[in-house]
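Structure first, then comments.
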Amino acid sequence: MNVQFVTTEQQLQDAFTVRKLVFVEEQGVSAEEEYDVYDEIAKHVVLYDENTPIGAGRMREVEDVGKLERICVLSSYRGKGAGRLIMDALEELAAAQQLHKVKLHAQTQAEAFYQRLGYQTISDVFMEADIPHVVMVKSI
């Protein structure tokens, strides 16, 4: 498995494909909600197994913090280190922009995963796309 920083239209489409499979098809998020104006300004990563896209995520700067978003891994690759590779790459993007803190809206079912990576929960549970989430932060 290897993470690529998205620099081509094909890589971006690969990231969108994974997001569609995970968020739209698996979790029932509407396509209108999944794809937004921030896709044009965010920095994206895509995780490949050989040439097959299996994970994705994006990062954008919001008030001097790296906001990590749309982090996903195909179900057949979960629990195999894929998520950690994506998170490492997104944190690297934030550090390259001189950001010292990252945050994300974690689905509550993934909260323990992010805690293992050093993230702390700083909010109560809230709903986003009809899925329970919490805000989590980490200093980098």
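The values are calculated or read from the model by the stated rules, or taken from the named source; none is laboratory data. A quick note: this is a predicted structure, and the numbers were derived from the prediction, not measured. Positions of Cβ are backbone-derived with ideal geometry, glycine not excepted, and every protein chain shown enters the neighbour counts.
Give the residue, chosen from V65, V45, that is of a type in the set (A, V, I, L, M) and within 14 Å of the chain's Cα centre (by Cα). Break it down stepwise before answering.
Details: V65 fails: within 14 Å of the chain's Cα centre (by Cα).
The conditions single out V45.
Suppose we keep only residues that are of a type in the set (D, E, K, R) and closer than 14 Å to R70 by Cβ within segment 1-20. Which one would you say is surrounded by the most Cβ atoms within 10 Å (Cβ to Cβ)? Break it down stepwise before answering.
Initial filter on segment 1-20 (of a type in the set (D, E, K, R)): 9, 14, 19-20.
Among the residues that remain, those that are also closer than 14 Å to R70 by Cβ are: 14, 19-20.
Working: D14: 23, R19: 26, K20: 17.
Checking each candidate, the answer is R19.
For A42, which of the numbered conditions (1) modelled with pLDDT of 95 or more; (2) on the phi > 0 side of the Ramachandran plot fails to hold?
Every listed condition holds for A42 apart from (2).
Given segment 21-140, what helices (runs of 4 or more DSSP H) lie entirely inside it while holding 3 or more residues that are surrounded by 20 or more Cβ atoms within 10 Å (Cβ to Cβ) and either touching a strand residue (DSSP E or B) at 6+ places or on another chain (Cβ under 9 Å) or not β-branched (V, I, T) (or both)? Reasoning before the result, please.
Values: elements: 31-34, 82-96, 111-116.
The qualifying helices (runs of 4 or more DSSP H) are 82-96.
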